[in-house]
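> Encoded as structure tokens, here's the structure I'll be asking about.
Please treat every number below as a calculation from the coordinates, not as lab data. Since we're looking at a predicted model, the values are computed, not measured. Cβ atoms come from the backbone with ideal geometry, glycine included; neighbour counts cover every protein chain shown.
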Amino acid sequence: MARLVLFAAAREAAGCRETEIPATSLGEALDAAVERFGPDFARILAYCSVLVDESTVPRARAWDVPVAETTEIAVLPPVSGGQHQGGRPNHGGPQHGGSQHDSGGGATMSVAVLTVSDAGAAGQRPDESGPAVVQMVTAAGFPVVRTALVPDDRALIEAALCRWADDGADDGPVDLVLTTGGTGLGPRDVTPEATRDVIDREIPGIPEAMRAAGMRVTPFASLARQVAGQRGATLIVNLPGSPKAARESLEAILAVLPHAVALVRASEPRPSRES
């Protein structure tokens, strides 16, 4: 009996967020879900990504992956309207060598993930939010080219954001920077302030969408202070610090990020900055 956790369109088609499925393999569990939830769910499942205990499963191995009572199967949303091309449904996300998630100009969106945590940076607590964001991004088909962990220090946060937006990876600035942590009301929560200090212009609709989605889960989401904005050709988005809230917030905006990145890329280049 595995636990099936559904996101976005899959959750809407099934009419529930999670359920238990009797099965001994991933393929058996997905087929049981299709039988339970019907053809609309089957069509959506055909181009969703599937994680088993937070690890992406290649489509060809779905029937070989065992599941048990403690197994969590997550069905993550498609990012840009991928279509199933026949045969068995795509239970394992996008194939390598031809991403269907191009965000403009035929180039795949590169992503960097910055975890902001005093305890994590001091080695007092393992970083769970950063890896959770990385897993969700890679499951959606986008390469994560940079990760880092910094304390709740405004100057260090700003330095990381500027470095990735201005210098980025070997082939230029990173397209999307996702931060996790430091968005609450604590005295050390300064990620939004650091982000505002370095962006050229704010994009308020992105955090508004995250807060609206969070409010459907808990009223405390109204206290989140995430910021999103553009620095040059890079989109920067703050996510909450807990793994659960980070996943839920990213789920709420994942479908629009490739288009947002394409618009940011196409916008006027920013003036040169003084060092």
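> Need one number for the stretch 2-76: average projected area of the convex hull over its C-alpha atoms, nm².
4.1
> Taking K and R as +1 and D and E as -1, what net charge do the other residues with C-beta under 14 Å from the C-beta of R211 add up to?
Net charge around R211: -1.
> Please list the radius of gyration and Dmax for the stretch 111-266, considering alpha-carbon atoms only, with Å as the unit.
14.0, 42
> Please say if the stretch 160-212 is rounded, prolate or oblate, where rounded means a/c under 1.5 for a ≥ b ≥ c the square roots of the C-alpha gyration tensor eigenvalues, and otherwise the choice is prolate for a/b larger than b/c and oblate otherwise?
Prolate, because a/c is 1.5 or more and a/b exceeds b/c.
> Counting only C-alpha contacts under 8 Å and six or more residues apart, can you give the relative contact order of the stretch 2-76 as a whole percent?
Rounded, it is 46 percent for the stretch 2-76.
> Quick one: if you stick a label point 7 Å off each Cα along the C-beta vector at L185 and R163, how many nm between them?
3.3
> While we're here: By the scheme Lys and Arg +1, Asp and Glu -1, what is the net charge of all other residues having a beta-carbon under 14 Å from that of E12?
+1
> Between D40 and R3, what is the spin-label point distance in nm, taking each point 7 Å from the Cα along the Cα→C-beta axis?
For the pair D40/R3, the computed spacing is 2.6 nm.
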